[in-house]
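Step one of this worksheet: look at the structure below.
The values are calculated or read from the model by the stated rules, or taken from the named source; none is laboratory data. Please read all numbers here as calculations on a predicted model, not as lab measurements. A quick note on method: Cβ atoms are made from the backbone with ideal geometry, for glycine too, and the neighbour counts reach across all protein chains shown. Quick note on the areas: whole protein, heavy atoms, side chains included, nothing else; ligands and nucleic acids left out. Shrake-Rupley method; radii C 1.70, N 1.55, O 1.52, S 1.80 Å.
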Amino acid sequence: MAIIGIDLGTTNSLGAVWRNGKSELIPNVFGEYLTPSVVSVSEEGEIYVGKVARERLIIDPENTASIFKRFMGTNKKYNLSGNTYAPEELSSFVLRKIKEDAENYLGETVTEAIVSVPAYFSNAQRDATKRAGELAGLNVQRIINEPSAAALACQQEYPEEEALEMVFDFGGGTLDVSIVDCFENVIDVIAVSGDNHLGGHDFDLAVARFFCRRCALAYDSLSPTDQAIVRKSAEQCKIRLSAEEKVEMQVTLSDKNYSLLFDAELLVQASAEVFERMVVPIKQALTGAAVKWNEINRMILVGGSCNMPVVRLYLQHFLKKEVAFLGSPDTIVALGTGVYAGIKERNAQVKDMLLTDVCPFTLGVDIVHNVMSPVIERNSALPISKSRIYQTIRSGQTVVEFNVYQGESPVASDNIKLGRLSVKVPDNEAGAEKILIRFTYDINGILEVNGTTISTGEEKQLVIVDPQNHMSREQIQKRLDALQQLKIHPRQQEENVWLMDRCKALYMQSSLDVREKLTQELQYFEYLLDKQDPMMIKRGRRRLEKVLDSLEEYMKQFSVDISEGTANWYQEALEEENLDSDFADWFGKEHLTS
Ligand code: ADP
Ligand code: MG
């Protein structure tokens, strides 16, 4: 019985299956591979999915939903023609559609599937994805990370090559960067990083704003509908610039026509900020993997925004050497899920490959001073089960509370809270009672937390609360306001805040060894702050500064400074390659795709 692979995308979804010795994309009823992830419900209660639904985004926007993948695992509800749907229900309609297309194509019933999700998806989002599968009548055998799927597809195609690769997944609203080590039949994801709020939509917005400035329109003063019109036109202009040298962007607002001629250079100028932000996750992934930029010898391009020649040129510029750019950005993830389906079927034609994955975020508990104590470090290989021992801090303490967090800040409460575990301990001296906390995290993103009181052997298990429970802007403001009211503690004094921020920033980009050192130092500094003795704090500050200087120096070796001179990258890239007017042909697909 066939297992199908599904790339359940924010914008488009695709199915694949292992057949005739390779991963094949599954065509839908229109003979196309991409099915828009859009659902529409008519007044009569008929449900439309895909291309038809996408048309209804324009004619019946109220009863049509898109980009719901972003809200998987949250309580968001969609009201379409009087019916209420959760994001996973909407996703299940898309999955069901792909299941039906697969059944038509294969001529058999399909009940088993592999579904890909972004590497940064949390437990709740992965659970919701599995539920969506169940609702669609599919047993999701495995959730696979999108970058891993892309790497798998490439390794299947070029099995003889050993490579250290960067998977650069640049979609509509997210950028995901992974470092993957491929050799023989092992695909080892060694680090992942990303920006959940950077993607094609940011190019659209940047182009829209630039257009308005040049046409003497105030973008922020436009009505939401007019803003949407300008953004839509900006996206079309951006997409056409991937194939054409010059594109005239035209918009009609209140019977007035506006236009501006765009070329690659103007596109780069308009979206300078987007390019600057792209560097951050690249650096983070490299340092997380302790890999230097010039050691990367294969770039795998994934996601619609990688169709942009200027994005390819940008990467090429910073790589400073010839690198194979692989991947058909729109289909490679789906093809990888198809390969994985082949492996699951134990199909003799698929090279048996071992796929390891890493945990995309740090999981830990809070300890005194609101410090994050990591139990499972980001980029640990999965599955993993790790424990740490904690002790009571007060005499006569009978309960120890552990808050479980996910995130990269050394300040526990800045991270996402996943749940809370209370463990009972016998009345005893401070430090006398020890509690073993064990985290078990598997490749499907299920986190189990166990706490055992060592002296009594009593065990507690955690029930995870909704991890999507982010604070709203108002809540954050409220908390900030509350902080303002407090008397200024040394912790709030500027120089100390600045130093701790520097510490946190370094922590976020660091590898495991550096992080351990930083946690120790930060804890010591917090301890000094609590003493509230200015001399001690001053000495502590000097010490911490020295440590940070040397750690920063140490980290430098892993990443050449790619943020320097980013403003002029485009001019430099053109000069380097001696290109000017006809660069459009040059960096077309033939040149960069080997
Ligand atoms: P997601 O993974 O978020 O569902 P996709 O990988 O499908 O997203 O990418 C969608 C984004 O890619 C959109 O912002 C779209 O404008 C952009 N895009 C698609 N094709 C092109 C193209 N040829 N040139 C430039 N941008 C493109
Ligand atoms: Mg994608």
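Of everything listed in (1) within 16 Å of ligand 1 (Cβ to nearest atom); (2) part of a helix (DSSP H, G or I); (3) not basic (Lys, Arg), the single unmet condition for residue 244 is (2).
Are there any pairs, at least 6 apart or on different chains, whose C-beta atoms fall under 8 Å, with the first in region 158-175 and within 17 Å of residue 11 (Cα to Cα) and charged (D, E, K, R) and the second in a loop (DSSP other than H, G, I, E, B) and within 10 Å of ligand 2 (Cβ to nearest atom), and if so, which? Sorted first by the residue in region 158-175, then by its partner, the pairs are 169/118; 169/303. Restricting 181, 195, 220 to residues that are more than 17 Å from residue 339 (Cβ to Cβ), open to solvent by 10 Å² or more (accessible area, probe 1.4 Å), within 16 Å of ligand 1 (Cβ to nearest atom) and among the acidic types (Asp, Glu) narrows the list to 195. Residues in region 282-314 that are under 27 Å from residue 512 (Cα atoms) and within 15 Å of ligand 1 (Cβ to nearest atom): 300 alone.
Out of 234, 289, one residue alone is open to solvent by less than 70 Å² (accessible area, probe 1.4 Å), among the aliphatic types (A, V, I, L, M) and not assigned by TED's automatic domain parsing to the domain that holds residue 335. It is 234. Inspection of region 243-254 finds a residue satisfying the criterion of being open to solvent by 70 Å² or more (accessible area, probe 1.4 Å), at positive phi and either in contact with a Leu (Cβ under 7 Å, 6 or more places away or on another chain) or not basic (Lys, Arg) (or both). Within region 351-359, is there a residue that is closer than 30 Å to residue 123 by Cβ, modelled with pLDDT of 90 or more and not assigned by TED's automatic domain parsing to the domain that holds residue 381? No, there is no match, as no residue in region 351-359 is closer than 30 Å to residue 123 by Cβ, modelled with pLDDT of 90 or more and not assigned by TED's automatic domain parsing to the domain that holds residue 381. Within region 493-506, residues that are farther than 12 Å from residue 521 by Cβ and part of a helix (DSSP H, G or I) have Cβ atoms under 7 Å from residues that are modelled with pLDDT under 80 and open to solvent by less than 40 Å² (accessible area, probe 1.4 Å) in these pairs: 496/490, counting only partners at least 6 apart in sequence or on another chain.
Cβ-Cβ distances below 8 Å connect no pair with a first residue in region 303-323 that is more than 27 Å from residue 8 (Cα to Cα) and in the same structural domain as residue 293 (by TED's automatic domain parsing), a second residue that is within 16 Å of ligand 2 (Cβ to nearest atom) and among the small types (Gly, Ala, Ser), and a separation of six or more residues or different chains. The condition (being modelled with pLDDT under 90, under 18 Å from residue 449 (Cβ atoms), outside the structural domain of residue 143 (by TED's automatic domain parsing) and open to solvent by 20 Å² or more (accessible area, probe 1.4 Å)) is satisfied by just one residue among 394, 378: 378. Across region 507-520, the number of residues qualifying as open to solvent by less than 30 Å² (accessible area, probe 1.4 Å) and part of a helix (DSSP H, G or I) comes to 5. Against the test of being open to solvent by 90 Å² or more (accessible area, probe 1.4 Å), at pLDDT 75 or above and farther than 30 Å from residue 158 by Cα, the options 570, 527 yield a single qualifying residue, 527. Here is the figure for region 379-422: residues that are hydrophobic (A, V, I, L, M, F, W, C) and more than 13 Å from residue 365 (Cα to Cα) total 5.
Results for (1) touching a helix residue (DSSP H, G or I) at 6+ places or on another chain (Cβ under 6 Å); (2) not in a helix (DSSP H, G or I), shown as yes or no for each residue.
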{"position": "279", "(1), (2)": "no, no"}
{"position": "285", "(1), (2)": "no, no"}
{"position": "288", "(1), (2)": "no, no"}
{"position": "300", "(1), (2)": "yes, yes"}
{"position": "305", "(1), (2)": "yes, no"}
{"position": "310", "(1), (2)": "yes, no"}
{"position": "315", "(1), (2)": "no, no"}
{"position": "318", "(1), (2)": "no, no"}
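Would you mind stating whether residue 148 is polar (S, T, N, Q), in contact with a helix residue (DSSP H, G or I) (Cβ under 8 Å, 6 or more places away or on another chain) and more than 23 Å from residue 90 (Cβ to Cβ)? Criteria met by residue 148. Within region 40-67, residues that are free of Cβ contacts under 8 Å to residues at least 60 places away in the same chain have Cβ atoms under 9 Å from residues that are open to solvent by 60 Å² or more (accessible area, probe 1.4 Å) and small (Gly, Ala, Ser) in these pairs: 41/82; 43/82; 45/82; 63/82, counting only partners at least 6 apart in sequence or on another chain.
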